[in-house]
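Each remark here refers to the structure printed beneath this line.
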Amino acid sequence: MSKTVLVCAALTPLHLFDNLAGRRADCGCGVQYRPRAPADARKLCFECALPSLEENDTKLVTTPRMVEDFQAYMQKKRH
């Protein structure tokens, strides 16, 4: 099992129009993530990610573009 974790948002509402949808690696419920998300990362919801984060060898991942996308989303949401 991959020790690389991408913490994802719940599937609805879809936050950005081009988000991809998938299933959580642990519980199987729907999540959304950015198209540029690392493909090999375990995609987990916040609740399922918490136990993994307590393990010392777990690596959280993101990309600079994913951070930019999130910042743009938050800025639009405020206006």
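The values are calculated or read from the model by the stated rules, or taken from the named source; none is laboratory data. What you are looking at is a predicted structure, and each value in this text was computed from that prediction instead of being measured. Here the Cβ is made from the backbone with ideal geometry for all residues, glycine too, and neighbour counts use every protein chain on show. Quick note on the areas: whole protein, heavy atoms, side chains included, nothing else; ligands and nucleic acids left out. Shrake-Rupley method; radii C 1.70, N 1.55, O 1.52, S 1.80 Å.
From the list 62, 12, 58, the lone residue that is open to solvent by 100 Å² or more (accessible area, probe 1.4 Å) and β-branched (Val, Ile, Thr) is 12.
Say whether the condition of being assigned to a strand (DSSP E or B) and within 18 Å of residue 59 (Cβ to Cβ) is met by at least one residue in region 9-32.
Kept after step one, since they are assigned to a strand (DSSP E or B), are these residues of region 9-32: 9-10, 20-23, 30-32.
Next cut, within 18 Å of residue 59 (Cβ to Cβ) only: none.
Looking for residues that are assigned to a strand (DSSP E or B) and within 18 Å of residue 59 (Cβ to Cβ), one finds none in region 9-32, hence no.
Of the residues making up region 21-40, none is acidic (Asp, Glu) and either within 25 Å of residue 72 (Cα to Cα) or open to solvent by less than 60 Å² (accessible area, probe 1.4 Å) (or both). Entry remark, region 42-79: residues being among the hydroxyl-bearing types (Ser, Thr, Tyr) and in a loop (DSSP other than H, G, I, E, B) number 3 in total.
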